[in-house]
Each structure stands twice: as C-alpha cells, then as structure tokens.
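Data first, discussion second: the structure below is written as structure tokens.
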Amino acid sequence: MSDRFTSKFLVSGLVIALLITTLGSALVYSSFQSAREETLDIIAREQSGLLAKDNEIFATELRDTFFAIDLLLTRASEEGEPPAEALRSALFANPSTVQARWLALDGQELIRFDRTTNGIERTADAALQNKSDRDYFKAMQNLAVGQGFMSRIDLNIE
C-alpha cells in the first residue's frame, strides 16, 4: 500500500506542480501582453506626435510653394518669358521639393532645376524633355489661365 500511496502522492504532486507552472506561465504571459500593449500605446502616441509635426512642416512648405508658383506666374506674365531665377529660388526655398520645371503649352520643358548632392542645378537645354505624355501634364491641360498646379509624386527617372 505504501508504494501505491507514494505513487498517488507523486502523481498528485506532479499535477499540482504542473498546475502551478501553468498558472505561473499564464501570469507571466499576461504581464508580457500588458507591457507589450503599453509599449505599443507609447509608440503610437510618439508616432502620432511626429506625424502632426511632419504635417505642419509640409503644410508650411506647401503654402510657400504655392506662393512661389504665384510669384512665378506673375513674373512670367510681366517678363514674357520663363522666370529661371524665380523657379530656382522657389526650389531653394522648399527643401522637400527635389525638382522644378517650367513647361511650354506643348509639354516641352523650357527650364528644369534639380536638387542634387551638389545643390540646385539647372538642366542643360539639350537634356530637357517633352512631358506631354505624363499624367501631370494632361491634368494641367484642364487648368484656367493663371492657375498653378502641383503634381503628386511621380517616380519617373530622368
């Protein structure tokens, strides 16, 4: 009987140990999940704050860009030719803008400036392209005289 009692005692002890281990694991897992959710909430709040700052910067640059476009249109109508320096200045004033171009009514680039690692560079006349097949040019065809247009990002490689 004592072997039988010892076996039952050992089995009972193992079952109790297994239950304690399972409960302990569940508590650790629950604690981990809680800490994980708290960390994710902190990250989400930080990201939200960063996005708000980025949106504010973008809105300011967008407002500055539209001001520059208005200035370009004014100078173009006063001078009767594409205002190269005003276009370069608009690109310089807006660090997030990497390229600015002045197009003729047929889609031919008249002036293009690119922001490179060397600064803002004017594209040589021989390298200017016709953009009449691009979506942004087609969208511009619907604008009224004097209206400016800022296209979506276009991943075309020059």
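Here are the numbers:
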quantity: Table column - 3J(HN,Hα) (Hz), region 45-62, Karplus curve with 6.51, -1.76, 1.60, x for Gly and Pro; calculated: 5, 5, 5, 4, x, 5, 5, 4, 5, 4, 4, 5, 5, 4, 4, 5, 5, 5
quantity: For region 2-140, average projected area of the Cα convex hull in nm²; calculated: 16.7
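Since every read-out is calculated from the coordinates, none of them should be taken as a lab result. Keep in mind it's a predicted model, so treat the numbers as computed, not measured.
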